[in-house]
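Asker: Sending over a structure as structure tokens; questions will come in a sec.
The values are calculated or read from the model by the stated rules, or taken from the named source; none is laboratory data. These numbers come from a predicted model, not from an experiment. Ideal geometry is used to build each Cβ from the backbone, glycine not excepted, and the neighbour counts take in all protein chains shown.
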DNA sequence: AGGCAGGTGGCCA
DNA sequence: TGGCCACCTGCC
């Protein structure tokens, strides 16, 4: 039912710790660790894959067989295996920012995924005032109820926005989306009315892309920046959530700053990879909870 | 039992 | 602009 384990060759190697934090640290909500198989299983687009580190630390993957387009190329795109993450990390301003250095040292090997833009937007619309386990349940409900089946009797893909548009707001509420259902339904209708909208937004420069995302109901600067950072490789996006808010207040002394001011501070102080730095700060602060 | 959680949008000064 | 609050739901 599954292919043999095949090796992947990341430019920057993974550790078990980095793999966990990257797949299940809050940037994606579609990965789960299978204790029985000692591997991670996840979905994106219509891909289903399992990942593990071999005893010699080689990253390996396998996919359902046959008839699966999930191959090394698909993994390479999603995991950004060609990226030199070590070099990107080194480019962050840790030399002049001791707190950032602490966060980076605490999460060696952390990197960003390249999720499908539509899925990142959907998952983060679900994330409003929810904790990670609850967000995962909402995404799972959406997938199982509205998305394509990826393996007979097995996991489903997240639904496309068109598939969501077919559902009623009430049906979405029954999936546990709560007040997010109305916004997600409205956004789905807007996207379904204008095919290609998301592709167009994704191809815009960061500022323009964010401005367009903000037109969707239920999408503010935080959710927009998450979608752009995790789903469109806009690394200057700097999502300010409650954790980052704490970091900026406590560690950077920015008490009383408004949200837009904090967002601006992050982009200016942390530079063109502010969002990547944000992921370290986020992981570090959350670990202290 | 009441408060709160990876936010957003509306309303009011 | 800045502050306050409702909004679903589940978990502590």
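Asker: Output the residues belonging to the stretch A:179-198 that are touching a residue at least 24 places away in the same chain (Cβ under 8 Å) and closer than 30 Å to residue A:271 by Cα.
Answerer: Passing the criteria: only A:198.
Asker: Shifting gears a bit: Answer yes if at least one residue in the stretch A:124-134 is at positive phi and within 16 Å of DNA strand C (Cβ to nearest atom), and no otherwise.
Answerer: So far as the stretch A:124-134 goes, yes, one or more of its residues are at positive phi and within 16 Å of DNA strand C (Cβ to nearest atom).
Asker: Could you list, in sequence order, the residues of the stretch A:135-164 that are assigned to a helix (DSSP H, G or I) and crowded, with 19+ Cβ neighbours inside 10 Å? Give the derivation first.
Answerer: Initially, the stretch A:135-164 is screened for residues assigned to a helix (DSSP H, G or I), giving A:135-146, A:161-164.
Correct list: A:136, A:138, A:139, A:140, A:142, A:143, A:146, A:161, A:164.
Asker: When residues of the stretch A:145-203 are filtered for being closer than 19 Å to residue A:45 by Cβ and away from DNA strand C (no atom under 16 Å from the Cβ), how many remain?
Answerer: Count: 32.
Asker: Here's something else I'd like to know. Under the condition of being near DNA strand B (Cβ under 10 Å from one of its atoms) and in a helix (DSSP H, G or I), which residue from the stretch A:183-223 is farthest from residue A:243 (Cα to Cα)? Before you say what the answer is, go through the steps one by one.
Answerer: First pass over the stretch A:183-223, keeping only residues near DNA strand B (Cβ under 10 Å from one of its atoms): A:183, A:186-187, A:213-223.
Checking the rest, the ones that are also in a helix (DSSP H, G or I) come to A:183, A:186-187, A:213, A:221-223.
Details: A:183: 24, A:186: 28, A:187: 27, A:213: 22, A:221: 15, A:222: 12, A:223: 14 Å.
Only one residue fits best here, namely A:186.
Asker: Looking at (1) in contact (Cβ under 8 Å) with a residue 60 or more places away in the chain; (2) surrounded by fewer than 19 Cβ atoms within 10 Å (Cβ to Cβ); (3) more than 20 Å from the chain's Cα centre (by Cα), can you tell me which one residue A:208 breaks?
Answerer: Residue A:208 satisfies every listed condition except (1).
Asker: If you check residue A:78 against the conditions, is it within 30 Å of residue A:194 (Cα to Cα) and either modelled with pLDDT of 95 or more or assigned to a strand (DSSP E or B) (or both)? Let's see the steps before the verdict.
Answerer: Working: within 30 Å of residue A:194 (Cα to Cα): yes; either modelled with pLDDT of 95 or more or assigned to a strand (DSSP E or B) (or both): yes.
Yes, satisfied.
Asker: Is at least one residue of the stretch A:132-145 in the same structural domain as residue A:183 (by TED's automatic domain parsing) and either under 23 Å from residue A:60 (Cα atoms) or touching a strand residue (DSSP E or B) at 6+ places or on another chain (Cβ under 6 Å) (or both)?
Answerer: Quick first cut of the stretch A:132-145, residues in the same structural domain as residue A:183 (by TED's automatic domain parsing) only: A:132-145.
Remaining after also requiring either under 23 Å from residue A:60 (Cα atoms) or touching a strand residue (DSSP E or B) at 6+ places or on another chain (Cβ under 6 Å) (or both): A:143-144.
The answer is yes, given that some residue of the stretch A:132-145 is in the same structural domain as residue A:183 (by TED's automatic domain parsing) and either under 23 Å from residue A:60 (Cα atoms) or touching a strand residue (DSSP E or B) at 6+ places or on another chain (Cβ under 6 Å) (or both).
Asker: Which residues, counting only those in the stretch A:206-244, are out of contact with any helix residue (DSSP H, G or I) (no Cβ under 8 Å at 6 or more places or on another chain) and closer than 21 Å to residue A:91 by Cα?
Answerer: Selection gives A:233 alone.
Asker: If residue A:259 meets every condition in (1) in the same structural domain as residue A:104 (by TED's automatic domain parsing); (2) more than 9 Å from DNA strand B (Cβ to nearest atom); (3) in contact with a helix residue (DSSP H, G or I) (Cβ under 8 Å, 6 or more places away or on another chain) apart from one, which number is that one?
Answerer: (2)
Asker: Of the residues that sit in the stretch A:68-115 and are farther than 23 Å from residue A:9 by Cβ and surrounded by 18 or more Cβ atoms within 10 Å (Cβ to Cβ), which one is farthest from the chain's Cα centre (by Cα)? Step through it out loud before you land on a result.
Answerer: Kept after step one, since they are farther than 23 Å from residue A:9 by Cβ, are these residues of the stretch A:68-115: A:92-106.
When the remaining residues are screened for being surrounded by 18 or more Cβ atoms within 10 Å (Cβ to Cβ), the result is A:92, A:94, A:97, A:100, A:103-104.
On the way: A:92: 20, A:94: 24, A:97: 25, A:100: 21, A:103: 19, A:104: 19 Å.
It comes out as A:97.
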